[in-house]
Amino acid sequence: MYQDFFRLKEPPFSIAPDPRFLYMSARHREAIAHLLYGVGGDGGFVLLTGEIGTGKTTLCRRLLEQINTVCDVAIILNPKLSVEELLETVCNEFHIPLPQGRRVGVKVLVDAINFHLLDANARGRRAVLIIDEAQNLQPEVLEQLRLLTNLETNTRKLLQIILIGQPELGDMLERWQLRQVAQRVVARYHLTHLTRDEVATYVNHRLRVAGGQAELFPPALIGQLYRYTRGVPRLINLVCDRALLGTYVQGKSQVTRQTLRQAKREVIGIAAGQPLWRRYGRQLVMIAGLGAGAVVVANSSPFWPTPEPASATARLPAMALRAPEQAGATEQFDGLLWPADAASREDSEKLAVREFLGLYGVERAADASGGVCDAAAANHMRCFRGIGGLADLRRFNQPAILKLESGRGNSSYYGVLLGLDDQGATLSLAGERLRVHLGDLARAWSGHYILLWLEPPGYNAPLALGSRGPAVAQLRRDLARLQGSPSEGPPWFDEDLLQQVKKFQLAEGIAPDGIVGALTMTRINMQLDDSAPRLNAARR
């Protein structure tokens, strides 16, 4: 409705997964690189997870543009299927002919798929199966998918499966009955939200693709938009679309702060302190009501007076970090509270480093002025810096320093994650232990984390084929304990050790490149050391 008014060629903030509008943030580029690595590898499963609305499906469409000339691709958008229904869908998507006039069983379907895969391989084509919303797959269906990947040549498997889903997908693959599926994952990536700076670039990118010239969203509004949406692309689209509609109704040339605020109330409409799934659920239900612009204007003008939002104290979630009656003694950070009686946020990293190293028995940690990595190095440990989601932290199952964001400007501070289970997380801020909602933690956490691992004697660089020294000998002994393999071998990193490393990496969901760096060493440490601090003692 507002396209002609703003001289736009098409709607800039449609929630359709159009790859032309995809903004490639640093994380999106990393994600597409992981997907391409998996597709170009020897076969197996590739895993892409992310919260609702982060752009997983749109990213998948971009991937299709890059691989459809060399790959036969089948896409399943609704995986709530039985084993037989899924196999029939795979046949339909690959255009595999089936016997007509009679019901076919699982064996006939599997044989037909196998024949197609062999034929595709003979023609020099790769077969890729993409399953969206994969967190809805039943365990028995996942197991059948694993069996499909068993067909292989001497050099590679003939079917590559890409699973795209919400973070629950990663948790599901940690189940004992699905361990064989998890071991087939050759690449995985968790897609996180946009940062504040990226939100500005994202909005301008979509306006530019839609043919927009004017500065419809002034730079001063970007911080406000980021606070409302937490950098979730789908929410940004919904709020911006509603804001442009309101601006058009008012006959203005730019979105104002008041218009953006009202658009947020109309689209999201729930206090920011509630868990993400509640906010997304409401937003998704409202999508149907955002259809025809004329109907929206006629029946639900976005500028009718509405009650003021609840007070800051009332907006705190049920598992707030402090009781509501104490909220006046704290500074609120949109769901997480920095203790007002503690040191300033600028000292939060030093406080987090002190407590974090103390968990590993490191004394005089407060004297380390160079940060956690320097202090760790002085105690024969190394740090691993990563970006990911809660599923990654569950998989590591060890304490971590988290970089948290206040949601106000570029303010950030640090805390120590001490516990993580299905009900919530235990977080330490300035030495105070607090229990938080997983949704609140996910919204405040930037995705950056730091882990510690114990370096073996003589470890100077990532170990790879041809490496020598005591660190290689220790690696061979460690893998022998974990896999029951021979502990004796040459004093260098040989082909046999390479295969053992790849086997371990596959079992841990790490890209099986055979290079023993920080990520692989971290997982070896946690598997061998029962005394190491853990986020959840019930998990190995």
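Taking Cα centre as origin and charging only the Cβ of basic (Lys, Arg, +1) and acidic (Asp, Glu, -1) residues, the dipole magnitude of region 1-144 rounds to 400 debye.
Backbone amide hydrogens, once placed in the peptide plane, bring Ile75 within less than 5 Å of Ile130, excluding anything fewer than 5 places away on its chain. Residues Val108, Val516, Val141, Val249, arranged from fewest to most other Cβ atoms within 10 angstrom of their Cβ, appear as Val108, Val249, Val141, Val516.
Please state the shape class of region 466-539: rounded when a/c is under 1.5, otherwise prolate if a/b exceeds b/c and oblate if not, all from the C-alpha gyration tensor.
Details: a/c = 2.00, a/b = 1.63, b/c = 1.23.
Prolate.
Net charge in the neighbourhood of Gly424 (other residues with Cβ under 11 Å of its Cβ; Lys, Arg +1, Asp, Glu -1) is -2. Residue order for His380, His437, fewest other beta carbons within 10 angstrom first, comes to His380, His437.
Amide H contacts of Ser412: Ser406, each under 5 Å away and 5 or more positions distant or on a separate chain (H built 1.01 Å from N in the peptide plane; Pro and chain starts excluded). Close amide-amide hydrogen proximity is noted between Lys252 and no other residue 5 or more places distant or on a separate chain, at a cut-off under 5 Å (H modeled in the peptide plane; Pro and chain starts excluded).
Once you have a ≥ b ≥ c as the square roots of the Cα gyration tensor eigenvalues for region 95-159, tell me rounded if a/c is under 1.5, and otherwise prolate or oblate according to whether a/b is larger than b/c.
Details: a/c = 1.77, a/b = 1.07, b/c = 1.65.
Judged from the Cα gyration tensor, region 95-159 comes out oblate (a/c at least 1.5, b/c at or above a/b).
Each Lys and Arg adds +1 at its Cβ and each Asp and Glu adds -1 at its Cβ; summed about the Cα centre, region 470-516 shows a dipole of about 140 debye.
Computed from the coordinates by the stated procedures, all read-outs in this text should not be read as laboratory data. Note that this is a predicted model, so its numbers are computed, not measured. Here the Cβ is made from the backbone with ideal geometry for all residues, glycine too, and neighbour counts use every protein chain on show.
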